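> Okay, here's the structure, questions in a sec.
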Amino acid sequence: MFEPCNCGSGKTYLGCCGRLHSGTPARDAEELMRSRYAAYARGKTAYLQKSWAVETRPLTLTLDPAQVWTGLKIERHEATGPDTAIVRFTATWRMGAQTGRMTETSRFRRDGAGWVYIDGAVE
Ligand SMILES: [Zn+2]
């Protein structure tokens, strides 16, 4: 059965963000961003913690299961240095009858074989 990835890549979940969720390092900041969105959509808090920079990682992370993430659009992915990058994205969600969207510019840095999320500015 074709199970599309939450991040909207058009690939299967297992061939896309599922690989990162099971331990494959992200090749770039956009790939990490997509995998973090898919982790929010799937309630994978352990992955969200792991892909967060140690200095900004929250001690605990609780997701609201009523908030359903319905789409991701990557608007910009830009290197800001040899080991740093920013990604601007818009994510949409639904909670009961209510829908919403958030646009954020996130900062990432290379960490070992992969990338981690540092922080983000919500517009
Ligand atoms: Zn994906």
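> Only one of these is assigned to a strand (DSSP E or B) and farther than 23 Å from Tyr13 by Cα: Arg110, Arg94, Arg76. Name it.
None of the others qualify; the one that does is Arg110.
> Now for a different question. Which residue, of Ala29, Ala53, Ala38, is surrounded by 13 or more Cβ atoms within 10 Å (Cβ to Cβ), among the aliphatic types (A, V, I, L, M) and in contact with a helix residue (DSSP H, G or I) (Cβ under 7 Å, 6 or more places away or on another chain)? So that I can check it myself, show each step before the final result.
Values: Ala29 fails: in contact with a helix residue (DSSP H, G or I) (Cβ under 7 Å, 6 or more places away or on another chain); Ala53 fails: in contact with a helix residue (DSSP H, G or I) (Cβ under 7 Å, 6 or more places away or on another chain).
Matching residue, one of Ala29, Ala53, Ala38: Ala38.
> Is there a residue in the range 50-73 that is among the β-branched types (Val, Ile, Thr), touching a residue at least 12 places away in the same chain (Cβ under 8 Å) and part of a strand (DSSP E or B)?
Yes, that holds for at least one residue.
> Shifting gears a bit: Give me the residue from the range 13-52 that is closer than 21 Å to Asp64 by Cβ, out of contact with any Ser or Thr (no Cβ under 9 Å at 6 or more places or on another chain) and aromatic (Phe, Trp, Tyr) and, out of that set, nearest to the ligand (Cβ to nearest atom).
Tyr37
> Looking at the structure I just gave you, is Leu48 of a type in the set (A, V, I, L, M, F, W, C), surrounded by fewer than 11 Cβ atoms within 10 Å (Cβ to Cβ) and under 24 Å from Gly23 (Cα atoms)? Outline the logic, then answer.
Numbers: of a type in the set (A, V, I, L, M, F, W, C): yes; surrounded by fewer than 11 Cβ atoms within 10 Å (Cβ to Cβ): no; under 24 Å from Gly23 (Cα atoms): yes.
Spelling it out, it is not the case that Leu48 is of a type in the set (A, V, I, L, M, F, W, C), surrounded by fewer than 11 Cβ atoms within 10 Å (Cβ to Cβ) and under 24 Å from Gly23 (Cα atoms).
> Of the conditions (1) within 15 Å of the ligand (Cβ to nearest atom); (2) modelled with pLDDT of 95 or more, Phe2 fails just one. Which one is it?
Single failed check for Phe2: (2).
> What do you reckon, is Ile74 among the β-branched types (Val, Ile, Thr), away from the ligand (no atom under 16 Å from the Cβ) and under 24 Å from Glu123 (Cβ atoms)?
no
The values are calculated or read from the model by the stated rules, or taken from the named source; none is laboratory data. All figures in this text were calculated on a predicted structure; none of them were measured in a lab. Every residue, glycine among them, receives a Cβ derived from its backbone with ideal geometry; neighbour counts consider all protein chains shown.
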